[in-house]
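Step one of this worksheet: look at the structure below.
The values are calculated or read from the model by the stated rules, or taken from the named source; none is laboratory data. Keep in mind that what you see is a predicted model, and the values were worked out from it rather than measured. Reconstructed Cβ throughout: ideal geometry from the backbone, glycine too, with neighbour counts over all protein chains shown.
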Amino acid sequence: MSAVLLALETSCDETAVAVLEGFGNVLAHEVLSQAPIHAEFGGVVPEVASRNHLEALPHMVNRALGRCGCALRDLSAVAATTGPGLAAALIVGASAGKGLALGAGLPFLAINHLEGHLLSPFFGEPEIPPHTALIVSGGHTLLFDVEGFSRYRLLGRTRDDAAGEAFDKIAKLLGLGYPGGEAIDILAKDGDPARYHFPRGMADSGDFQFSFSGLKTSVRRFLERGELFDIRDVCASVQAAIVDVLVEKSFRAMHENHRTILSISGGVSANSALKNKAESCAFNESVILRTAPQGLHTDNALMIAYAAAHHFAAGARQGMESDIVPNFCEKDFGRQPDRVGVLQS
């Protein structure tokens, strides 16, 4: 009989709950976004996020269990995101998950938010194939070589701003509000990506590191000159500067590690320019490109449930002693308290 897992996700400003049977039978899936609330502040306010998680989560859990006709005692385990993310937000979901597991006498699984993203392009599959993985979101830009489930080797990461963070900061400079990535993507569709040249950070560094803070500075200085400009062309040019580096380094990493599959996950993976350029390169080079199914690009609990299903199948059971880990920690990536994945650096 397949395991049935309840998963909670509260790492940032989405409150999410999912119930998953096995690796792909979705019994319930709910996401409540707080983006409209935080838009008033121009970004996520941790205290506001945690307060809204506290208010919404109990109702969402009850609805999810009711929707699939499950009681807590019918579950195999409870999982929750314990990091990375906002500490005030993480503690809500992690505490709720532990409380539910403890009360029902179930195992609790502490799941890494980024591992959820990394695995999401393979949702529904019991095996994770060797591949190169790009995780690109509002808070993270990471490139991994993946041998299989729990066997991840970090190749590179951003030295400063993440790609999604750069989108948001540049959108704010352009007066487009929060969140900014989608607004830039929409305007860029009618713009000329070659109209303005903005720097491709670390494009020629010879490694797999990223940097996007220089792009933000370049756009700010461009705007300070006070010249007339077409905002659609600026958006298209900014987007091209980010996408070019992401795709070039991802494909180079794939070739150097002799992989034939590239996965792209995280909120920025929904960006149309990134998707189109990656698809074009994959077609030209006969590479398999994997992205998350619709609805699993941004933060959600199904990806957490899917990661938990792999850990549960591999024998992980006890995570009650685990604490939240707000910052990305390479040594703990892919790890469970009683089962340590193989990490190389």
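Brief remarks on what is shown
- Tally, over the range 256-276, of residues that are part of a loop (DSSP other than H, G, I, E, B) and surrounded by fewer than 18 Cβ atoms within 10 Å (Cβ to Cβ): 3
- Some residue of the range 163-175 being in contact with a Pro (Cβ under 7 Å, 6 or more places away or on another chain) and over 24 Å from A253 (Cα atoms): yes
- Residue match in the range 52-66 (condition: of a type in the set (D, E, K, R), exposed (fewer than 15 other Cβ atoms within 10 Å of the Cβ), in contact with a Gly (Cβ under 9 Å, 6 or more places away or on another chain) and in contact (Cβ under 8 Å) with a residue 12 or more places away in the chain): no
Condition check ((1) buried (at least 22 other Cβ atoms within 10 Å of the Cβ); (2) in the same structural domain as S265 (by TED's automatic domain parsing); (3) among the basic types (K, R); (4) at pLDDT 95 or above) across all residues:
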{"residue": "E40", "(1), (2), (3), (4)": "no, no, no, no"}
{"residue": "V44", "(1), (2), (3), (4)": "no, no, no, no"}
{"residue": "A79", "(1), (2), (3), (4)": "yes, no, no, yes"}
{"residue": "A104", "(1), (2), (3), (4)": "no, no, no, yes"}
{"residue": "F108", "(1), (2), (3), (4)": "yes, no, no, yes"}
{"residue": "H113", "(1), (2), (3), (4)": "yes, no, no, yes"}
{"residue": "L143", "(1), (2), (3), (4)": "yes, yes, no, yes"}
{"residue": "V146", "(1), (2), (3), (4)": "yes, yes, no, yes"}
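- Residue in the range 192-212 that is assigned to a helix (DSSP H, G or I), of a type outside the set (V, I, T) and over 22 Å from the mean Cα position of the chain (by Cα) present: no
- Breaking point among (1) touching an Asp or Glu at 6+ places or on another chain (Cβ under 9 Å); (2) small (G, A, S); (3) closer than 21 Å to A49 by Cα, for G164: (1)
- Residue count for the range 1-51, restricted to those that are hydroxyl-bearing (S, T, Y) and within 17 Å of A87 (Cα to Cα): 4.
- Pairs, first on the phi < 0 side of the Ramachandran plot in the range 113-129, second at pLDDT below 95 and polar (S, T, N, Q), C-beta under 7 Å, six or more apart: H117/S137
- Which listed residue is surrounded by fewer than 16 Cβ atoms within 10 Å (Cβ to Cβ), charged (D, E, K, R) and in contact with a strand residue (DSSP E or B) (Cβ under 7 Å, 6 or more places away or on another chain), from E279, E285, E321: E279
Listed here are the residues, each with its yes/no results for (1) assigned to a helix (DSSP H, G or I); (2) within 28 Å of G181 (Cβ to Cβ).
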residue	(1), (2)
G43	no, yes
E47	yes, yes
P58	yes, no
R63	yes, no
C70	no, no
V78	no, no
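- Residue in the range 171-183 that is aromatic (F, W, Y), closer than 26 Å to A35 by Cα, in contact with a strand residue (DSSP E or B) (Cβ under 8 Å, 6 or more places away or on another chain) and in contact (Cβ under 8 Å) with a residue 24 or more places away in the chain present: no
- Residues satisfying the stated conditions in the range 22-45, i.e. more than 21 Å from A171 (Cα to Cα), under 21 Å from the mean Cα position of the chain (by Cα) and not small (G, A, S): F23, V26, H29, E30, V31, L32
- Filter pass, L27 being in the same structural domain as P326 (by TED's automatic domain parsing), assigned to a strand (DSSP E or B), in contact (Cβ under 8 Å) with a residue 40 or more places away in the chain and touching a Lys or Arg at 6+ places or on another chain (Cβ under 9 Å): yes
- Residue in the range 110-117 that is more than 27 Å from S213 (Cβ to Cβ) and of a type outside the set (F, W, Y) present: yes
- With respect to being within 13 Å of the chain's Cα centre (by Cα) and over 25 Å from A171 (Cα atoms), M254 falls outside the description.
- Here D244 meets each of (1) at pLDDT 95 or above; (2) crowded, with 22+ Cβ neighbours inside 10 Å; (3) within 20 Å of the chain's Cα centre (by Cα); (4) at negative phi with one exception, condition (2).
- Some residue of the range 3-14 being in a strand (DSSP E or B), touching a His at 6+ places or on another chain (Cβ under 7 Å) and of a type in the set (A, V, I, L, M, F, W, C): no
- For G177, the conditions (1) modelled with pLDDT under 95; (2) surrounded by 22 or more Cβ atoms within 10 Å (Cβ to Cβ) all hold with the exception of (2).
- Any hit, the range 254-262, residues being out of contact with any Gly (no Cβ under 7 Å at 6 or more places or on another chain) and among the β-branched types (V, I, T): yes
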